[in-house]
Amino acid sequence: MPRLFTLTALLVLAMFAPYAQGQERTALVGGRLIDGFGHAPINDSVILIYGDTILDVGTVDTLPVPESYAIVSTEGMDVLPGLWESHAHLMLAGHADYPHWDATYADRLADEIMPASAVQLLLAGVTSARDLGAPLDASQSVKARVDSGEIPGPRLYMSGPFLQAQVEEWESAFRWEVTSVADARQKVAALDDAGMAIVKLVDQDKLPRDVAAAIVDEAHARGMKVVAHSHRPDEIRVGLEIGVDNFEHTGLTTAPEYPPDIITALRERTATGRVAGGPLYWTPTVEGLWNFDRLVANPEKLDDDCWKRGLEEDTIADISGSIANPGQLGYTRLTPLRKPTLKRKIAQLREAGVVFLVGTDSGIPMKFHCQSTWNELDVLVRVMELPVMDVIRSAVYWPAVMMGVDDEFGTISAGKKADIIAVRGDVLEYINLLQDVDFVMKGGVVYKAEGRPAETVQ
């Protein structure tokens, strides 16, 4: 017998059904365009969209709108490419007890949890997402349903299960133990055959070196990207040695900075550039440390209904109970000691020449898919003092380059897919305005307008 949560999935689908076709010809008119390339913003912009593709870009003075086009006013808004969330966990929804979550919700991931995470990301302005760690069957299911238009969500680039040296029994559905070179190649092949685009390494320093190298070699031979944890110095050292494409997290817990040999190695790797296969990417995932402090001081923020969209009532109650006392969670006990080290580490990475991607680890305790991405941009600009245009490019342009899809995504320009968001106000001055995205279009279909999900827009 189907579970009750299938009703929620049907309702979520039904609310978007009137917009499933989109307008064949649409013109976004009047907004300030931030195109994703890093060019100077374009005032009074016109974006002509035919089907799912951007036909042309100009201004009200240079690009007339044909009579056949439906005009959507973006007057008073900044218009940007759809955001990328480069480190999401769709299988998680903010619950603070991982073993309990995995034991309780394993059979609800594909039908309830991951579809809910997907729609929450989309309505937050995230039109593309890298999902880094989930059971393979659930990952396949959700990706296929999003790709077909059956359920709303961002374009998904998924890893499926982590690959690592040792795995606890309760984790085995979403973490795969790798025991040999042959096993490494077989497991990468299985991920590729299942449609995964990314291989995620964890504890690569604990794998035999030839095994770790075989994972990267096999993945690259198949056109897959390899991301790797960077929590410990040796994880970074080994990751550089075997040629991973992208490090995840700022890591090194409470250490004040990265060791000199790692910075030297990073500079050597980034200096090789295209010779080494392109830039070296890094996803810092820092916003959670500021999010934790805000929630301890203002736990009422946990009542925001955005993270409840698509979830069943019992799921919501379970999550709420697990995070009812944010200051008591052991998961975050080192936050006060880690925060002061991050600005220095971010500066070191930037000086070493890595290319940042915006990702948040959304789904881990108290980090909701509907809130995390904009907050990461805000922290990178406001606290880390990175140039705002660089940070925006890290959220739109560079992820598309990293995944090898920049011919279709990442910028607002002729020939690209119409993945576009708009927000009222000046995001170059106030990046936190992205917490209230007014307009979301993915592939020419409007999923949010006037700050409301499309089912409420007339």
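A few notes on this one:
- Rounded to the nearest 20 debye, the dipole magnitude of the chain is 740 debye, with +1 charges on Lys and Arg beta carbons, -1 on Asp and Glu beta carbons, and the Cα centre as origin.
- Selection from C306, I151, V211 lying farthest towards where the dipole of the chain points positive, charges on Cβ: V211
- Over the residues of the chain, the helix contribution to mean residue ellipticity at 222 nm works out to -10500 deg cm²/dmol, using -39500 (n - 2.57) for each DSSP H run of at least 4.
- Per the Cα gyration tensor, the stretch 145-285 maps to an equivalent ellipsoid with semi-axes of 25, 18, 16 Å, ordered largest to smallest.
- Size estimate for the chain follows the Kirkwood approach: the inverse of mean 1/r over distinct Cα pairs works out to 22.4 Å.
- Bridgeable aspartates and glutamates around K343 (alpha carbons under 15 Å apart, same-chain partners fewer than 8 residues away excluded): E257, E287, E351, E376, D378, E385.
- Placing unit charges on the Cβ atoms only, positive for Lys and Arg and negative for Asp and Glu, gives the stretch 11-145 a dipole magnitude near 100 debye about its Cα centre.
- All alpha carbon pair distances within the stretch 357-412 were sorted into 5 Å bins beginning at 0; the resulting P(r) in whole percents reads 5, 20, 23, 21, 21, 9, 2, 0.
- Dipole size of the stretch 147-235 about its Cα centre, with +1 on Lys/Arg Cβ and -1 on Asp/Glu Cβ: approximately 260 debye, rounded to the nearest 20.
- Taken along the Cα-to-beta-carbon direction at a fixed 7 Å, the label points for W170 and K339 span 2.9 nm.
- Straight-distance crosslink candidates among lysines, where the alpha carbon sits under 26 Å from K206 and sequence neighbours closer than 8 are dropped: K187, K225, K345
- Relative contact order, percent, the chain [alpha-carbon distance under 8 Å, six or more residues apart]: 22
- Our note on the geometry: Cα centres of the stretch 271-334 and the stretch 95-142, 14 Å apart.
- Calculated from backbone phi, Karplus (6.51, -1.76, 1.60) coupling profile of the stretch 73-82 in Hz, x at Gly/Pro: 6, 10, 4, x, 10, 8, 10, 9, x, x
- Each of S141, P256, G451 was scored by the projection of its Cα onto the charge dipole of the chain, and the greatest displacement toward the positive side belongs to P256; charges sit on the C-beta of Lys, Arg, Asp and Glu.
- Within a straight-line Cα-Cα reach of under 24 Å, K308 can be paired with the following lysines, leaving aside sequence neighbours fewer than 8 residues apart in one chain: K143, K367, K442, K448.
- Here's the picture: charge each Lys and Arg Cβ at +1 and each Asp and Glu Cβ at -1 in the stretch 301-418, and of L380, I392, L349 the one pushed furthest to the positive end of that dipole is L349.
Each reported figure results from applying straightforward, stated rules to the coordinates on display, with no laboratory input. Because the structure is predicted, anything quoted here is derived from the model rather than measured. Because the Cβ atoms are built from the backbone with ideal geometry, glycine has one as well, and the counts that use them run over all protein chains shown.
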